[in-house]
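Step one of this worksheet: look at the structure below.
The values are calculated or read from the model by the stated rules, or taken from the named source; none is laboratory data. Small disclaimer: the values here were computed from a predicted structure and weren't measured. FYI the Cβ positions are ideal-geometry reconstructions off the backbone, even for glycines, and counts take in every protein chain you see. Accessible surface areas use protein heavy atoms only, side chains included; no ligands, DNA or RNA. Shrake-Rupley method; radii C 1.70, N 1.55, O 1.52, S 1.80 Å.
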Amino acid sequence: MIVEQMSLFDYSPKHIPLASRLRPKILDEFVGQEHLLGKGKILRQLIEKDQVSSMIFWGPPGVGKTTLAGIIAARTNADFINFSAVTSGIKEIKDVMKKAEDSQKMGVRTVLFIDEIHRFNKAQQDAFLPFVEKGSITLIGATTENPSFEVNAALLSRCRVFVLKTLGENDLIKLIENAISSPNGFGEQGVKISDTHIKTIAIFADGDARTALNTLEMVVLNSEISEDGFTVSDEIMEQCIGKKSLLYDKSGEEHYNMISALHKSMRNSDPDAAIYWMLRMLEGGENPLYIARRLIRFASEDVGMADSNALTVAVAAYQACHFLGVPECDVHLTHAVTYLAMAPKSNSLYVACENGKRSVRENGAQPVPLNLRNGVTKLMRELDYGKGYEYAHDTEEKLTHMQCMPEGMEEERYYYPTKQGNEIQAYERLMEIRKWKQEK
């Protein structure tokens, strides 16, 4: 039973936005989150059996956190109270807790939904803790922030965390098509829109159902009207989305073609081409964090020891994208792409990594040499753990003759430094080390 803020789940098609009119009321209407709500999955079972325990829904905007709360509200036999962290304070919390305790005495459970729970400060969150512990309330929180950092540890430990994922392109297409055909959407208004336009809106929404439906609503309401209904044109699409849609499929062949073009342009030290392909991906709706992750990989795989600062620049670009998001992070990605394209190139770390993996697979689990083991107990020392260990800092050269590879693998070599950029220093140093060990 819902006892407060009914308007959140009120489905009046005449007065509320498309996204709210189409908000699912039952689990079978819910799109996405199959890992939690598919047949037989744990969250679905808890909701269907009305056995919901205290939990946190963690995920990006527009993936269904509030919608799930609405579905629980419709199914539960408990009092369901919707509580906003934006507009409520300690006084409101105490009032709600008193109602919950009174209901508990009458044998009625209380489910308390807190939207944007991360906005509550520590004192406000602490106010819920004793009531959760006593079972006076079942707490359901929704947050876009990492609950490990934003929810008190004591409260978090008493809640199950369910991670909601960004909706896939196919999920969004399904939502858009339903909105076009549903009586609660545009089903009675004869909307004519191409599959390409539907896909463009899905890509533009970038995993956010609310954005997808709001964009569709704006596109339809600004389209040409005739006796047959609304006709969505390329011009209206471009005007409403605010930029020309580019041919880009984040999960298909074009996705891999463009990331390949970006990598190879940077590898070929062509900053202009690298910037172009990066911006093509970004303008096409690619997640900037995906691009930034690929730059981090490139920094070690293709620049490596030739300029170790490349990795620092790439990681900083990722952090900037995380802090700012689109569109502001475009200049940070441009910074990193340009730096990586202009940096001296060396793939010696990639080669070393692949050589090492091959060697591990071929040689199996070799035992650690006794001289490299720590003899921390009497028995270990009696078994020669640590015997023969040489402490490099005790020598003038900071080098010893000690063998660190497993027996039989003494001649294995993985790292072959180049003379590119700063890696020439690593090359010269390694040659000195190997010459010293040979002479000694």
query = In square angstrom, what is the accessible area per residue of segment 81-224 with a 1.4 angstrom probe?
reply = 48
key: Integer Hz, Karplus 6.51/-1.76/1.60 couplings in order for segment 154-162, x for Gly and Pro   = 5, 6, 4, 5, 9, 10, 8, 9, 10
remark   = Restricting to lysines and to Cα separations under 28 Å from K174, and discarding same-chain partners fewer than 8 apart, the set is K14, K25, K39, K41, K49, K65, K165, K192, K199, K243, K244, K250
Alpha carbon centroid spacing (whole Å) that separates segment 34-60 from segment 163-195 = 24
key: Stretchable slack from S181 to E396, in nm (0.36 nm times residue separation minus alpha-carbon distance)   = 69.4 nm
Radius 15 Å from Cβ of K41, net charge of other residues (Lys, Arg +1; Asp, Glu -1) = +2
query = Rounded to a whole number, what % of the accessible area of the chain do carbon and sulfur atoms account for, probe 1.4 Å?
reply = 52
request  = Between T138, T377, T110, find the one with the highest GNM mean-square fluctuation for the chain; connect C-alpha pairs within less than 10 Å.
outcome  = T377
key: Per-residue ³J(HN,Hα) for segment 92-105, Karplus 6.51 cos²θ - 1.76 cosθ + 1.60, θ = phi - 60°, Hz, x for Gly and Pro   = 5, 4, 5, 5, 5, 5, 5, 4, 5, 5, 5, 5, 4, 5
query = If the cut-off is 21 Å between C-alpha atoms, which lysines fall inside it for K437, apart from same-chain ones fewer than 8 positions away?
reply = K387, K398
ask   = Where both partners of a DSSP beta bridge lie in the chain, what percent of those bridges are antiparallel, to the nearest 5?
value = 10
key: Neighbourhood net charge (14 Å Cβ-Cβ; Lys/Arg +1, Asp/Glu -1) for A299   = +1
request  = Determine the order of V368, V337 by accessible area, beginning with the largest, at a probe radius of 1.4 Å.
outcome  = V368, V337
task = Report the FRET efficiency, 1/(1 + (r/R0)^6), for D102 and Q189, where r is their Cβ-Cβ distance and R0 is 30 Å, rounded to 0.05.
result = 0.05
All aspartates and glutamates inside 12 Å of K122 as judged from Cα atoms, apart from same-chain residues fewer than 8 positions distant = E150
key: Cα shape, segment 98-177, gyration tensor, a/c 1.5 rule   = oblate
inquiry  = Taking a ≥ b ≥ c as the square roots of the Cα gyration tensor eigenvalues, with a/c under 1.5 meaning rounded and otherwise prolate when a/b beats b/c, else oblate, which class fits segment 54-193?
reply    = prolate
Cα convex hull volume per residue for segment 51-101 (Å³) = 105
ask   = How much net charge surrounds G356 when only other residues with a Cβ under 13 Å from its Cβ are counted (Lys, Arg +1; Asp, Glu -1)?
value = +1
ask   = Which of the cysteines in the chain are isolated, no other cysteine C-beta under 4.7 Å?
value = C159, C240, C353, C404
request  = Would you mind checking which residues have amide H under 5 Å from V111's amide H? H placed 1.01 Å from N; only 5 or more apart, or other chain.
outcome  = D79, F80, I81, T138
